[in-house]
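Report on the structure given below.
The values are calculated or read from the model by the stated rules, or taken from the named source; none is laboratory data. Please read these numbers as outputs of a predicted model, since none were measured by experiment. Quick reminder, even Gly has a Cβ in these numbers, built from the backbone with ideal geometry, and neighbours come from all protein chains shown.
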């Protein structure tokens, strides 16, 4: 009986040591990944060079929300992290994106870029621009449709997903607010569609603004 107790005590102690060591290793790994995320984004924002891209994106999946919540709690904007990750995802995805001809690409615009007096009607495939001249969407159509782009003006991400499934483009470009583009790039990654995202200069429900030069640069890669 005493021998059995000694054996159980020995193996119990070994098990506790093993569990403790495993927990420490996991915590160390998570801390390392968190450090990689922060250092990579800061380095990219300063130098425009990506270090450890795969590890950075993996760490972002684990810690992005947590880091954002911490920044929000202490009253500091964490938008710079989202901006950095969008830029990193754009650069990583650019090589594959550039290989796709224009005629196999889609452009998704948010309906908030429309004018407050926009006369366009909407249906299952989004808002249908009539090129009335009240906003810049008509000009975008004139520049992009002749070279092959298919344009959709989307009220939300559900339409984007639906149109990608229906028409099966080989590459897509999205314009939207910061967090819309973040989700857009993640969604396209899950759907295995090369994508580029451009963030609006101003957000809102109507008459939002964007940098046309940045958008055209993304479109004509």
Could you grab me the full set of residues in the range 203-221 that are in a helix (DSSP H, G or I) and out of contact with any strand residue (DSSP E or B) (no Cβ under 6 Å at 6 or more places or on another chain)? 212, 213, 216, 217
Which residues, counting only those in the range 91-106, are in a helix (DSSP H, G or I) and closer than 20 Å to residue 176 by Cβ? 91, 92, 93, 94, 97
For the range 169-209, which residues satisfy the criterion of being surrounded by fewer than 15 Cβ atoms within 10 Å (Cβ to Cβ) and within 19 Å of residue 219 (Cβ to Cβ)? 201, 209
Residues that are assigned to a helix (DSSP H, G or I) and surrounded by fewer than 16 Cβ atoms within 10 Å (Cβ to Cβ): does the range 77-89 have at least one? yes
Does at least one position in the range 116-128 carry a residue that is modelled with pLDDT of 95 or more and surrounded by 16 or more Cβ atoms within 10 Å (Cβ to Cβ)? no
Got a sec? Which helices (runs of 4 or more DSSP H) wholly within the range 107-202 have at least 2 residues that are over 15 Å from residue 86 (Cβ atoms) and within 17 Å of the chain's Cα centre (by Cα)? 157-167
Residues of the range 123-139 being farther than 17 Å from residue 206 by Cα and in contact with a strand residue (DSSP E or B) (Cβ under 8 Å, 6 or more places away or on another chain), in sequence order, are 125
